[in-house]
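**Student:** Below are the structure tokens for one structure; questions will follow.
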Amino acid sequence: MKETCCKGLLILFLTILSTSFKPGSLMAQGLSEKEMMEIMDKAMGTVGADDENTAIYFEGIAFGIAKPEAIFKMPAYKVYRGGHLFNLGKKFEIKLGIMKALCDGKIMVIVDEKSKSMVIDSLRDEVPGFAGQKPDLQKLIDDNFGTGEIKYAGTETINGKKCHKIKAIMTEDKISTHVFYWVEIKSNKLLLMAEWQNNAYDVYWIKSIGQVPKGHVFDVKIPKRELEDFYGYQVFDLRYSSEMLKR
């Protein structure tokens, strides 16, 4: 699987579900920190709640475009319609156009439809090679994305709706990437999110944010043996290489 695709998925997933917008972790410019936190907290709704029960539904997703607002007028064949991100405790399911992921709390599978590749790994309570140490999400974010800064970029009308425009900047080793959020002023709902990578934007048109449907099944059904290919996908099976790291 291409590293950029995995990186993009992680940035999206961790940025939304992390604690990055807690007071003191980012700097706000143009509005007070309290005002910025209130806007983002209301827009994100249940995201990051203690019960870890979050569902984000998408109207459409477009990859590699120059102007994020263009997604509303792009031809249908250039936009992946629908899609969602479910998170329930240690379980999650992600469908983002060409990128899909599923975790049943024990096994995680990430699929890249463009390259027809699949990554499989075990979900571990301990860091491989360091018995007794549990993964720290905030440390993972800090190690991978370095320092963060949030800026108020004013207001902008997109798709006929006046929005707050907020820019989150993540810097690692003097290399920065950023994500724009457009929050509708009238409803305080997150309307659009655009992630900068590879000199273009991956754009996510948000439909709604709520909770995972009751009874949703996160089952992962794959053979209990090391795989090199599976139903036409090239497989990178990390379950067994991870076991080697523990020795």
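**Student:** I'd like the Karplus ³J(HN,Hα) series for the range 200-210: coefficients 6.51, -1.76, 1.60, θ = phi - 60°, whole numbers in Hz, and an x wherever there's a Gly or Pro.
**Tutor:** Going residue by residue, I get 7, 10, 9, 10, 10, 8, 7, 8, 6, 10, x Hz, with x marking Gly and Pro.
**Student:** In nm, what is the difference between 0.36 nm times the number of residues separating PHE72 and ASN53 and their Cα-Cα distance?
**Tutor:** That works out to 3.9 nm of additional length.
**Student:** At 0.36 nm per residue, minus the direct Cα-Cα distance, what do LYS167 and ASN198 gain on full extension? Give it in nm, one decimal, please.
**Tutor:** Full-extension gain reported as 9.4 nm.
**Student:** Something else: Considering the zone a paramagnetic label at SER176 would reach in this model (a point 7 Å from Cα along the Cα-to-Cβ line), which residues of the range 67-82 have amide N under 20 Å from it?
**Tutor:** Counting only backbone N, you get 67-68.
**Student:** Can you figure out the FRET efficiency of ARG81 with THR155, using R₀ = 35 Å and their beta-carbon distance, to the nearest 0.05?
**Tutor:** 0.80
**Student:** A further question follows. Are there chymotrypsin sites (Phe, Trp or Tyr not before Pro) in the range 200-234 that DSSP puts in a loop and that have at most 10 other Cβ atoms within 10 Å, and which ones?
**Tutor:** For chymotrypsin sites (Phe, Trp or Tyr not before Pro) across the range 200-234 that sit outside H, G, I, E and B with at most 10 neighbouring Cβ atoms in 10 Å, the list reads TYR231.
**Student:** Distance cut-off 25 Å, Cα to Cα: go down the list LYS114/LYS162; LYS90/LYS214; LYS116/LYS214; LYS42/LYS167; LYS42/LYS114; LYS90/LYS151 and report the pairs above it.
**Tutor:** Where the Cα-Cα span goes over 25 Å, the pairs concerned are LYS114/LYS162; LYS116/LYS214; LYS42/LYS114; LYS90/LYS151.
**Student:** Which distance in nm do the two modelled labels at SER187 and VAL217 give, with both placed 7 Å along the Cα-to-Cβ direction?
**Tutor:** 3.2 nm
**Student:** Do any GluC sites (Glu not before Pro) in the range 193-242 lie in a loop, going by DSSP, with at most 15 other beta-carbon atoms within 10 Å of their beta carbon, and if so which?
**Tutor:** GLU226, GLU228
**Student:** Once phi is turned into θ = phi - 60°, what whole-Hz ³J(HN,Hα) does the Karplus curve with 6.51, -1.76 and 1.60 give for every residue of the range 163-170, x standing for Gly and Pro?
**Tutor:** Once rounded to whole Hz, the list reads 10, 6, 10, 10, 10, 9, 10, 10.
Here, each number is a calculation from the coordinates, and none is a lab measurement. Just so we're clear, the structure is a prediction, and the values are computed from it rather than from any experiment. With ideal geometry, Cβ positions are generated from the backbone for all residues, glycine too; neighbour counts draw on all protein chains shown.
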